Amino acid sequence: MTIITHSTTPFPGQKPGTSGLRKKVRVFSQPGYAENFIQSVFDVVERPAGATLVIGGDGRYHNRVVIAQAISMAAANGYGRVLVGQGGILSTPAASHVIRKYAASGGLILSASHNPAGPDEDFGIKYNIANGGPAPEAVTDAIFARTQAIDRWLSVAGDVDLDRIGTSNVGGMIVDVIDPVADYAELMESLFDFAAIRRAVAAGFTMAFDAMSAVTGPYAVEILERRLGFATGTVRNGTPLEDFGGHHPDPNLVHAKALYDTMMAADAPDFGAASDGDGDRNLIIGRHRFITPSDSLAMLAANAHLAPGYAGGLKGIARSMPTSAAADRVAAALGIPCFETPTGWKFFGTLLDAQLATICGEESAGTGSDHVREKDGLWAVLLWLNILAVRGISVNALAREHWARFGRNYYARHDYEAVDSDRANALMAELAASLASLPGRHFGPLSVAAADSFSYTDPVDGAISANQGLRVLFACGSRIVFRLSGTGTEGATLRVYLEAFQPHDGAIDRETGDMLADLIAAADGIAGIARHTGRTLPDVVT
């Protein structure tokens, strides 16, 4: 093996966000840009000699180019084996499972998640550690520090046919091109009552699943249509495309409107669902009933014991801080802890590894459990199907029953996308400076009880994460949270989270917009959104 050393200089701004390094394709296409970041990962992460590395992605434009280079670089950096999905395809949860199943030292996941794809759109690289989860901040900080000082990257000569399943050799390193679906489908069948779901399907239960021309398509076709017996065509947009068909693969009511319209029609199927670009998010809609991600987490937790993989009960629930407190009430009823963490799935990893939590969720449509160390869109869909099949109940009936027992957290997230970064930072700085003066002030009928900047101390390793979002809590139990998102590639995304609680004997079946109207007005009064951003309405409401 001849190792080729390429001289290089640092690129500015290669700091991983909550989900890795994301930039426009034109940025990643610069000579040495992806290589610098990948080499920085290899220089920093600890691993045994001859370690196994997993590589895969969501099939977006530029994936194959970077995967080929990453394989060459892995061989030059002493890895003994690479596992890569056929066609370069591995959903994020499937990659997490493969890392864990084959005891890999880590993995490179090439995805920008729910962001658009194509030559003029987004690309991303994320490193996951040996537990299958995203690298913690200590690792990503070290990677970033290395990107600022890097002076060379290493490669070897050699090519791999990504479309042919089998074993080859690159520079003395074994490369296994694997079926991207098989291991994951086997795991799902071990967790859920496929027989019960098949019986429901045979009895006439119907569904629509929108794979959004992204990575989940092959997984959904294999599991939903072939293994569970749903009709051919149940999975829509099931072929992964490099540009996701020109669509934005974010499973919300804006970008999955076609599915929403299907589920609100008079002849709607019983169940509707969607997943995103890399397969880790989900959208759940019953016939004439949309379920928010926060409610979905709570409802799944309350009924998870009906699935074989969770028949022994839950150890705990974890949710990100902006996610509604609906899951907290389920945890209290079950007598188990509920952990409130910063946004980012990596914060759930220590809780799962320490067996303090079993099910986790984020308001951004990410739900998962201890079966992997990533959120998992198709897993959430299958757990819903398992629960509905065993109980013989509709989504709408289950939701009404849940709210009648636990009360309802009316909830919405307002996203102001591609805001000028200076303006967004000025808004947050001004708001942070005003927090101490907010308690006691009134905004319409709402009285501020407390306001703070959320800080989290990990109960397992003691790591402290400060400045994770600004919270305004009202005397009535409602709240508003303000955050800048780290998942975009241009400007800043201001996210405003609105939550109003109604007890079980309160108004639990009203329109969400009506119940949040006072909070929406208060959010602008408190933060000066229109004044700072020039926007009078959000770009996306979920």
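The values are calculated or read from the model by the stated rules, or taken from the named source; none is laboratory data. None of the values given here were measured: they were computed from a predicted structure. A quick note on method: Cβ atoms are made from the backbone with ideal geometry, for glycine too, and the neighbour counts reach across all protein chains shown. Only protein heavy atoms, including side chains, enter the accessible area calculation; ligands, DNA and RNA are left aside. Shrake-Rupley method; radii C 1.70, N 1.55, O 1.52, S 1.80 Å.
Using a Förster radius of 60 Å, what is the FRET efficiency between HIS305 and THR536 based on their Cβ-Cβ separation? Nearest 0.05, please. Before the final figure, lay out the partial values.
Values: r = 46 Å, r/R0 = 0.77.
Using R0 = 60 Å, I get an efficiency of 0.85.
Take every Cα-Cα distance within the range 1-64, group them into 5 Å bins from 0 onward, and report for each bin the whole-number percent of pairs it holds.
3, 11, 22, 25, 21, 13, 4, 0
How many percent of the alpha carbon pairs in the range 429-542 exceed a separation of 23 Å?
Working: 2345 of 6441 pairs.
Taking all Cα-Cα pairs of the range 429-542, the fraction more than 23 Å apart is 36 percent.
Quick one: which residues, 5+ away or cross-chain, put their amide H under 5 Å from the amide H of ASP270? H built at 1.01 Å from N.
When sequence neighbours closer than 5 places are left aside, the close amide H contacts are THR206, MET207.
Over the Cα atoms of the range 149-285, what is the Rg over Rh ratio if Rh follows Kirkwood?
1.10
Go through LEU431, SER455, GLY444 and say which Cα lies farthest out towards the positive end of the charge dipole of the range 404-536; charges sit on Cβ, +1 for Lys and Arg, -1 for Asp and Glu.
GLY444
Rounded to the nearest 500 deg cm²/dmol, what is the calculated helix-only ellipticity per residue at 222 nm for the chain, with -39500 (n - 2.57) per DSSP H run of length n ≥ 4?
Working: 17 runs with 173 residues, N = 542.
About -9500 deg cm²/dmol.
Roughly speaking, what is the centre-to-centre gap between the range 244-259 and the range 104-167 when only Cα atoms are used, to the nearest Å?
Cα centroid to Cα centroid, the span is 26 Å.
How far apart, in nm, are two points set 7 Å out from the Cα along the Cα-to-Cβ line at ASP422 and at ASP461?
With each label point 7 Å from Cα toward Cβ, the separation is 3.8 nm.
What's the extension gain from ASP267 to THR512 if we count 0.36 nm per residue and subtract their Cα-Cα distance? Don't skip to the end; give the middle numbers.
On the way: separation 245, 0.36 × 245 = 88.20 nm, distance 2.42 nm.
Extra length from ASP267 to THR512 when fully extended: 85.8 nm.
Pull up all non-local amide H partners of GLY59: gap of 5 or more, or a different chain, and H-to-H distance under 5 Å with H placed in the peptide plane.
Result for GLY59 returns LEU90.
Any idea what diffusion coefficient the range 187-261 gets from Stokes-Einstein, in µm²/s, Kirkwood Rh on alpha carbon pairs, 4 °C, 1.567 mPa s? Walk me through the numbers before you get to the answer.
On the way: Rh = 13.2 Å.
It comes out at roughly 98 µm²/s.
Rounded to the nearest 5, what % of DSSP beta bridges with both residues in the chain are antiparallel?
On the way: 65 of 93 bridges.
Antiparallel: roughly 70 percent of the beta bridges in the chain.
With +1 on the Cβ of every Lys and Arg and -1 on the Cβ of every Asp and Glu, and nothing else charged, how large is the dipole of the range 4-155 about its Cα centre, in debye rounded to the nearest 20? Don't skip to the answer; put the middle values down first.
Working: 14 positive and 10 negative charges, 44 e Å.
The calculated dipole for the range 4-155 is roughly 220 debye.
Does the range 66-173 come out rounded, prolate or oblate, given a ≥ b ≥ c as the square roots of the eigenvalues of its C-alpha gyration tensor, rounded meaning a/c under 1.5 and, failing that, prolate meaning a/b above b/c?
Working: a/c = 1.25, a/b = 1.12, b/c = 1.12.
Rounded is the answer for the range 66-173, as its axis ratio a/c remains below 1.5.
Just for the Cα atoms in the range 294-440, what are the lengths along the principal axes, largest first, rounded to whole Å?
Its Cα atoms span 51, 34, 31 Å along the three principal axes.
Using R₀ = 51 Å, calculate the FRET efficiency as 1/(1 + (r/R₀)^6) where r is the Cβ-Cβ separation of ALA521 and THR167; round to 0.05. All intermediate terms of the calculation are to be shown ahead of the outcome.
Values: r = 62 Å, r/R0 = 1.21.
Efficiency at R0 = 51 Å is approximately 0.25.
Using a/c under 1.5 as the rounded threshold, could you call the range 321-368 rounded, prolate or oblate? The axes a ≥ b ≥ c are square roots of the C-alpha gyration tensor eigenvalues, and prolate needs a/b larger than b/c, oblate otherwise.
Details: a/c = 1.95, a/b = 1.11, b/c = 1.76.
Verdict is oblate for the range 321-368.
Based on the mean of other Cβ atoms within 10 Å per residue, sort peptides 342-352, 12-22 so the most packed one is first. Intermediate values should be presented prior to the final figure.
Values: 342-352: 24.2, 12-22: 19.1.
Packing order, densest peptide first, comes out as 342-352, 12-22.
Can you work out the PRE-style zone for LYS24? Point 7 Å along Cα to Cβ, and I want the residues of the range 419-453 with backbone N under 16 Å.
In the range 419-453, the label zone of LYS24 (backbone N under 16 Å from the point 7 Å along Cα→Cβ) covers 419-421.
Could you size up the charge dipole of the chain around its Cα centre, putting +1 on the beta carbon of Lys and Arg and -1 on that of Asp and Glu, and report it in debye to the nearest 20?
Values: 44 positive and 58 negative charges, 101 e Å.
Charge dipole, the chain, about its Cα centre: 480 debye, nearest 20.
Mind pulling the per residue volume of the convex hull built on the Cα atoms of the range 1-116? Å³ is fine.
Values: hull volume 13.1 nm³, N = 116.
For the range 1-116, the hull spanned by Cα atoms encloses 113 Å³ per residue.
Rg(Cα) of the range 392-445 divided by 2.2 N^0.38 Å? Intermediate results must be reported in sequence, preceding the final value.
Numbers: Rg = 19.1 Å, N = 54, 2.2 N^0.38 = 10.0 Å.
Its radius of gyration relative to the 2.2 N^0.38 Å reference: 1.91.
Mind giving me the nanometre distance, one decimal, between the label points for THR8 and GLN69, set 7 Å out from Cα along Cα→Cβ?
Calculated label separation equals 0.7 nm.
Determine, for each peptide in 431-440, 135-144, 108-117, 165-174, the mean count of other beta carbons within 10 angstrom over its residues, then list the peptides with the highest first. Could you put the intermediate results ahead of the total?
On the way: 431-440: 13.7, 135-144: 17.8, 108-117: 27.3, 165-174: 15.6.
Taking the mean over residues of other Cβ atoms within 10 Å, the ranking is 108-117, 135-144, 165-174, 431-440.
How charged is the neighbourhood of SER394? Take every other residue with its Cβ under 14 Å from the Cβ of SER394, and add Lys/Arg as +1 and Asp/Glu as -1. Intermediate values should be presented prior to the final figure.
Values: positive: ARG287, ARG289, ARG391, ARG400; negative: ASP270, GLU401.
Local net charge: +2.
Would you work out which of LEU498, THR358, TYR219 lies farthest towards the positive end of the dipole of the chain? Charges go on Cβ: Lys and Arg +1, Asp and Glu -1.
THR358
Leaving ligands, DNA and RNA out of it, report the carbon-plus-sulfur percent of the accessible area of the chain at a 1.4 Å probe. Numbers along the way, then the final one.
Details: 9790 of 19420 Å².
About 50 percent, which is the carbon plus sulfur part of the accessible surface.
I need the P(r) histogram for the range 474-513: all alpha carbon pairs, bin width 10 Å from 0 out to the longest distance, whole percents.
All Cα pairs considered, the percentages come to 23, 37, 24, 14, 2.
Specify whether the C-alpha gyration tensor of the range 130-200 places it in the rounded, prolate or oblate class, a ≥ b ≥ c being the square roots of the eigenvalues: rounded for a/c under 1.5, otherwise prolate if a/b is larger than b/c and oblate if not. Spell out each step's value before the answer.
Working: a/c = 4.52, a/b = 1.54, b/c = 2.93.
Judged from the Cα gyration tensor, the range 130-200 comes out oblate (a/c at least 1.5, b/c at or above a/b).
Roughly how many nanometres apart are two label points built 7 Å out from the Cα toward the Cβ at ALA429 and GLU186?
5.5 nm
Which ³J(HN,Hα) values in Hz, rounded to whole numbers, follow from the phi angles of the range 106-117 under the Karplus curve 6.51 cos²θ - 1.76 cosθ + 1.60, where θ = phi - 60° and Gly and Pro get x?
x, x, 9, 10, 9, 6, 10, 6, 8, 6, x, 10
Could you state the accessible area per residue of the chain in Å², with a 1.4 Å probe and every protein chain left in place? Walk me through the intermediate numbers first.
Numbers: 19420 Å² over 542 residues.
So the chain comes to 36 Å² accessible per residue, rounded to a whole number.
Hull surface divided by four, with the convex hull built on the Cα atoms of the chain: how many nm²? Display every interim value, and only then the final one.
Numbers: hull surface 94.0 nm².
About 23.5 nm², averaged over all directions.
Mind checking Rg over Rh on the range 490-542, alpha carbons, Kirkwood formula for Rh?
Here Rg/Rh amounts to 1.05.
Choose one of SER105, PRO93, ALA138: the residue whose Cα lies farthest towards the positive end of the charge dipole of the range 1-138 (beta-carbon charges +1 Lys, Arg; -1 Asp, Glu; about the Cα centre).
Farthest along the dipole direction, towards plus: PRO93.
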